[in-house]
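Inspection log for the structure reproduced underneath, given as structure tokens.
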Amino acid sequence: MGNISIRKEGVPEYTLDRGYVASVNTKKCINCGTCRVNCPVEAITEAQRWICRVCPECTDQPVMRLADIDAFCTKQSCTTACPLGISPQGYIGLARNGKDEAAFKTIWEKNPLPSVCSHICHHPCEQVCKCGVLVDDPMAIRGIKRYLDENVEYTRPKYPRLHDEKVAVIGAGPAGLSAGHFLSALGYDVTVFEGNVEPGGALVRAIPEFRLPREAVRRDIKKLQEAGLKIQCETVLGKKQISELQDEYDAIVVAAGTPHGKEITWVPKWNYDAVYTAIQFMDFANNDQNTYRMPHQNFVVEGREGVVIGGGSVAMDTARMALRLGAKKVTVVSLEEGEYLPAHKWEKKEAEEEGVKFMEGYSPKAYTGRVNTLEGIDLVKVTHFEKDENGKISFTTDDENPVHLDTQFIIVAIGQYADRIFPEADGKTVFYAGDIAGGSCSVIDALASGRKAAFEVDAAIQGRRLRNAEVKHSLVAAPRDEKIYPCNRRKTRRHVRPMQKAEERIENFDDVEITYTAKQAYEEELRCLGCGYALIDQDKCIGCGVCQTVCPEGDVISMVKR
């Protein structure tokens, strides 16, 4: 029998006799990562198979040199792309084997808002899917997730109460809800404070219902509340209230988001009555709210021509919303053009299908009109555009040849900023999450930021080492005999994402996307190449068997004699 020497800070070294070690059946492993996460001695890694790309006729993608194939093997995978550490290959494999409930469980155990993400996650996992990069089309991972979400009933277990400490979370958007969820799961008494009439933050204020049905948001939040997360709405916090929270709670997570839209103040007469920020417009369009409306403003777009300034996801949403509200014509004007447009390609494509026009590579120079009544906008061509590593933009324009557009309303979608009060909240017990903390502003990144803040709070309160809040892990190359030959895999194409026809969806606010049928979902699941599997370092394995116990497949891991 083998043995292993155990060394841990503050504990005398001791030797453990090992009669058995764990062994993985690589043909059955679906790479869900459950064993890796639960291994107490970090003896399990993810192995990625070598995918052959030598023959030019084998796939739709270009041939690769052997050295490039070898290097690409461990460069990326769907499991390392998810900011929350969810394994798409894992839940796809479970679903393919008829275990839909277990598949969805692997999602919601790591994602507090699975319904939301099944609708609007920008799916970074699909962008690196090796099926798409090396063979033909990426797996429709979000489509499969949405099918599972709408066909599996689940109940979150009640949160445990393991600690006496209380934590306040400011903001019930995705980052705040995530922080509240993970802190509650760690055993803390958590209260989430929200200023609006219902929780959700940007999910209910800024994202249009044709992309994210409100029922999906409310379903996720209800599940969290039923598990024990306390959410207190209509609570507006000022300096005094924040100070009181610091006295009452052991820690505060500020996840208040960036609720105020930036304005183009350098353009003369920028405060015309028909010039709105994106957040003003969307809050009115989504919720009939005038919270951020100036006294002289009204949000009439029906029968009018409009311009949306900006090139990101918010610009696409506002342009499409304006058309649904009856705008005669909407043109998106952006500094960026071509591949530099910040919006995802599919977002622009859907907007164009619905009739949105684009003028890329232009900057606003002046608004035109009379007595505070907007009548048009002058644009100038961008001759040079740069964005540095911090996201700061610089550009030059040809001011001598302006282009005029008639327009009766303008929506400015160039970014947002936080309430001035929150950056003043500081101290060793104050932590930040989500947009207000900087970084990417996508929903999945906000959820990951909330998770990270929760673990930072836990480490600070308990005085221990910060856990793996980034959920990152490395990849190792699988032995060559595990290689995948695309030529002998299924030659089925990715199911085109079911959608309402453009001419129909522009007339309503119904969800643009349509959920896969059971047959479509299963056929899509069969396309997965199964790139990765769990690899156990038997020199580190102590033979405890926890990996075998937690494996959702049940017959993948066995204990073998050393």
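General remarks:
- Residue that is surrounded by the most Cβ atoms within 10 Å (Cβ to Cβ), among those in region 52-86 that are closer than 13 Å to LEU475 by Cβ and of a type in the set (A, V, I, L, M, F, W, C): CYS78
- Selection within region 328-357 - free of Cβ contacts under 8 Å to residues at least 40 places away in the same chain, closer than 28 Å to ASN287 by Cβ and not basic (Lys, Arg): VAL330, VAL332, SER334, PRO342, ALA343, TRP346, GLU347, ALA351, GLU352
- Residue that is surrounded by the fewest Cβ atoms within 10 Å (Cβ to Cβ), among those in region 248-277 that are hydrophobic (A, V, I, L, M, F, W, C) and more than 21 Å from the chain's Cα centre (by Cα): TRP266
- Counted residues, region 122-131 - those being part of a helix (DSSP H, G or I) and either touching a residue at least 60 places away in the same chain (Cβ under 8 Å) or among the aromatic types (Phe, Trp, Tyr) (or both): 3
- Filter result (over 26 Å from PRO160 (Cβ atoms), of a type in the set (D, E, K, R) and without any contact (Cβ under 8 Å) to a residue 12 or more places away in the chain) within region 215-246: GLU215, LYS240, GLU244
- Qualifying residue in region 527-538 (condition: modelled with pLDDT of 95 or more and of a type in the set (Ser, Thr, Tyr)): yes
- Filtering GLU350, GLU360 for residues that are surrounded by 12 or more Cβ atoms within 10 Å (Cβ to Cβ), of a type in the set (Asp, Glu), in contact with an Asp or Glu (Cβ under 7 Å, 6 or more places away or on another chain) and outside the structural domain of LEU245 (by TED's automatic domain parsing) leaves a single hit, GLU360.
- ALA172 being outside the structural domain of VAL556 (by TED's automatic domain parsing), among the hydrophobic types (A, V, I, L, M, F, W, C) and modelled with pLDDT of 95 or more: yes
- Count of residues meeting criterion [farther than 18 Å from HIS122 by Cα and assigned to a loop (DSSP other than H, G, I, E, B)] in region 496-515: 7
- Test for GLU101: is it part of a helix (DSSP H, G or I) and in the same structural domain as THR549 (by TED's automatic domain parsing): yes
- Just one residue in the set TYR249, TYR188 is touching a helix residue (DSSP H, G or I) at 6+ places or on another chain (Cβ under 8 Å), of a type in the set (Ser, Thr, Tyr) and outside the structural domain of GLN500 (by TED's automatic domain parsing); that residue is TYR188.
- Hits in region 395-435 - residues which are modelled with pLDDT of 85 or more, surrounded by fewer than 19 Cβ atoms within 10 Å (Cβ to Cβ) and among the acidic types (Asp, Glu): ASP398, ASP399, GLU400, ASP406
- Selection from region 135-181 of residues that are out of contact with any Gly (no Cβ under 8 Å at 6 or more places or on another chain) and aromatic (Phe, Trp, Tyr): TYR147, TYR154
- Matching residues, region 60-81, being outside any helix (DSSP H, G or I) and within 18 Å of GLU126 (Cα to Cα): ASP60, GLN61, THR74, LYS75, GLN76, SER77
- Selection within region 516-562 - within 27 Å of THR59 (Cα to Cα), assigned to a loop (DSSP other than H, G, I, E, B) and touching a Ser or Thr at 6+ places or on another chain (Cβ under 9 Å): LEU526, ARG527, CYS531
- Filter result for GLY361 (within 21 Å of LYS329 (Cβ to Cβ) and in contact with a Phe, Trp or Tyr (Cβ under 8 Å, 6 or more places away or on another chain)): yes
- Some residue of region 74-81 being under 18 Å from the mean Cα position of the chain (by Cα) and of a type outside the set (S, T, N, Q): yes
- Condition check for ARG219 on (1) farther than 18 Å from ASN111 by Cα; (2) in contact with a helix residue (DSSP H, G or I) (Cβ under 7 Å, 6 or more places away or on another chain): one failure, at (1).
The values are calculated or read from the model by the stated rules, or taken from the named source; none is laboratory data. Since this is a predicted model, take the numbers as computed values, not measurements. Here the Cβ is made from the backbone with ideal geometry for all residues, glycine too, and neighbour counts use every protein chain on show.
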